[in-house]
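*Asks:* Once you've had a glance at the structure underneath, I'll fire off some questions.
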Amino acid sequence: MQLSCSVPKFEFDVITMGHGSGGLLTHRLLQSGVFDILKNDMLDQQHDGAVFELSGKLAFTTDSYVIHPVFFKGGNIGELAVNGTVNDLAMCGAIPRYLSLSFILEEGLKTTTLGKIIQSIKLAADKAEVQIVTGDTKVVEQGKGDKIFINTSGIGTLHPQAQIHHNRIASEDAIIISNSIANHGIAIMSQREGLEFETDIVSDTRPLNHIVNKLLDDFGADIKFLRDATRGGVASVLNEVAEITGLGIEIEQAVLPVEPQVEGACEMLGFDPLYVANEGVFIVVVKKEIAEKVVSVLQNDQATKKASLIGFVNSQTPKKVLLKSKIGGRRVVNYLTGEQLPRIC
């Protein structure tokens, strides 16, 4: 799918407090750089809300994005905001339909920066096949923000075959990870610290709704649980599953998909890839009998080509996550304690 979108051209160079006043400058900001780029029938009404019809069960989510830096290797805060909210809906087993979009802009932000972010929002929304139908813009004084913060909320219709719930997880179910882990967190850290690696490490930010929709089309209720491994990484998701179900989990280090340059960077920085944030990776729990078929479907999609069966649920080690190391020993994988890498998404 070939997508294109021009960068909006604003009639002023920087954001001022007047652009958040609700008056003429706000109107000119929205008209010249937001409505023209993100336009659709509902947004064109330029109302404080959106009116639409959806049938059946719905999923709703909201999230805020405060990443630093706002432009990073492989993406920026704009597409991250769209993808993150789209993915949260997909993890509910929903087909994303509509998003809201709210900006908190810092006084002094260059409008060329804002324009590039809006362009990426448009491209990400088109790729995920969602519409942005309402939003808000506020401006804070210089020094009281960090260029731009974004809040997005999303609503979607539940896939007719989706039965995603932790209470459906049972002993011997298989745990599959959709792609290589830790790329996003290491991309952010390397850029913050000015680190250079032999191979350029980029964020994995991407929409996951299309591949999740295919899994539900193909396997229906046998897809028991979905969760994207963002802040806290894979380890936090697995610990949440073990805690909330009362079951145990054992995974194998040897089959964890980690790109060699990412693994090397983690070793150099003292990070465990299991705890590093991702923005395009999810965990899926399925019946053991279909695990290989699910992995095959995932590996045939560009977004999930490094998918791997990493372990199983058990009843022998309740509420614990164990890792079988490459040399055969086992260790407990606990929750991330503290903040490994702040302002990651």
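*Asks:* Which members of the stretch 22-54 meet the condition of being of a type in the set (S, T, N, Q) and in contact (Cβ under 8 Å) with a residue 60 or more places away in the chain? I'd like the intermediate steps shown before the answer.
*Replies:* Of all residues in the stretch 22-54, those of a type in the set (S, T, N, Q) come to 26, 31-32, 40, 45-46.
Selection gives Thr26, Asn40.
*Asks:* Something else now. From the list Val34, Val14, Val51, exactly one residue is of a type in the set (A, V, I, L, M), under 15 Å from Ile117 (Cβ atoms) and modelled with pLDDT of 90 or more. Which is it? Before you say what the answer is, go through the steps one by one.
*Replies:* Numbers: Val34 fails: modelled with pLDDT of 90 or more; Val51 fails: under 15 Å from Ile117 (Cβ atoms).
Exactly one residue qualifies, and that residue is Val14.
Residues checked against (1) touching a His at 6+ places or on another chain (Cβ under 9 Å); (2) assigned by TED's automatic domain parsing to the domain that holds Glu129:
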site: Cys5; (1), (2): no, no
site: Thr26; (1), (2): yes, yes
site: Leu29; (1), (2): yes, yes
site: Ile37; (1), (2): no, yes
site: Asp44; (1), (2): no, yes
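*Asks:* Of the residues Gly185, Gly233, Gly194, only one is over 23 Å from Val130 (Cβ atoms), free of Cβ contacts under 8 Å to residues at least 24 places away in the same chain and either assigned by TED's automatic domain parsing to the domain that holds Thr245 or surrounded by 24 or more Cβ atoms within 10 Å (Cβ to Cβ) (or both); which? Explain how you work it out, then say what you get.
*Replies:* Values: Gly185 fails: free of Cβ contacts under 8 Å to residues at least 24 places away in the same chain; Gly233 fails: free of Cβ contacts under 8 Å to residues at least 24 places away in the same chain.
Checking each option against the conditions leaves just Gly194.
*Asks:* When both residues are 6+ apart or on different chains and their Cβ atoms are under 6 Å apart, which pairs have a first residue that lies in the stretch 317-328 and is within 13 Å of Val237 (Cα to Cα), and a second that is aliphatic (A, V, I, L, M) and crowded, with 16+ Cβ neighbours inside 10 Å?
*Replies:* What qualifies is Lys319/Ala242; Val321/Leu238; Val321/Ala242; Val321/Ile249; Val321/Val333.
*Asks:* When you check Phe271 against the structure, is it closer than 19 Å to Leu238 by Cα, out of contact with any strand residue (DSSP E or B) (no Cβ under 9 Å at 6 or more places or on another chain) and not assigned by TED's automatic domain parsing to the domain that holds His68, yes or no?
*Replies:* Details: closer than 19 Å to Leu238 by Cα: yes; out of contact with any strand residue (DSSP E or B) (no Cβ under 9 Å at 6 or more places or on another chain): yes; not assigned by TED's automatic domain parsing to the domain that holds His68: yes.
The answer is yes for Phe271.
*Asks:* Quick one: Asn83 ticks every box in (1) buried (at least 22 other Cβ atoms within 10 Å of the Cβ); (2) out of contact with any Pro (no Cβ under 9 Å at 6 or more places or on another chain); (3) not small (Gly, Ala, Ser) bar one, so which box is it?
*Replies:* Evaluating Asn83 over (1) buried (at least 22 other Cβ atoms within 10 Å of the Cβ); (2) out of contact with any Pro (no Cβ under 9 Å at 6 or more places or on another chain); (3) not small (Gly, Ala, Ser) leaves (2) as the failure.
*Asks:* Would the stretch 306-326 turn up any residue that is crowded, with 16+ Cβ neighbours inside 10 Å, of a type in the set (Ser, Thr, Tyr), assigned by TED's automatic domain parsing to the domain that holds Val212 and under 18 Å from Pro207 (Cβ atoms)?
*Replies:* no
*Asks:* How many residues does the stretch 212-224 hold that are crowded, with 23+ Cβ neighbours inside 10 Å and part of a helix (DSSP H, G or I)? Even if it seems obvious, please write down each step before you answer.
*Replies:* Taking the stretch 212-224 and keeping what is crowded, with 23+ Cβ neighbours inside 10 Å, we get 212, 215-216, 223.
Then keep just the ones that are part of a helix (DSSP H, G or I); that gives 212, 215-216.
The number of residues fulfilling the criteria is 3.
*Asks:* Enumerate the pairs (first residue in the stretch 145-159 and under 10 Å from Thr85 (Cα atoms); second residue anywhere and not in a strand (DSSP E or B)) with beta-carbon separation below 6 Å, excluding pairs fewer than 6 apart on the same chain, so at least 6 apart or on different chains.
*Replies:* Between residues of the stretch 145-159 that are under 10 Å from Thr85 (Cα atoms) and residues that are not in a strand (DSSP E or B), the close pairs are Thr152/Ala81; Thr152/Thr85; Gly154/Thr85; Gly154/Leu89.
*Asks:* Tell me the residue from Phe271, Phe282 that is over 18 Å from the mean Cα position of the chain (by Cα) and within 20 Å of Ile188 (Cβ to Cβ), please. Please lay out each step first, then the result.
*Replies:* Numbers: Phe282 fails: over 18 Å from the mean Cα position of the chain (by Cα).
Being over 18 Å from the mean Cα position of the chain (by Cα) and within 20 Å of Ile188 (Cβ to Cβ) holds for just one of Phe271, Phe282, which is Phe271.
The values are calculated or read from the model by the stated rules, or taken from the named source; none is laboratory data. Please read all numbers here as calculations on a predicted model, not as lab measurements. Virtual Cβ from ideal backbone geometry, glycine too; neighbours counted across all protein chains shown.
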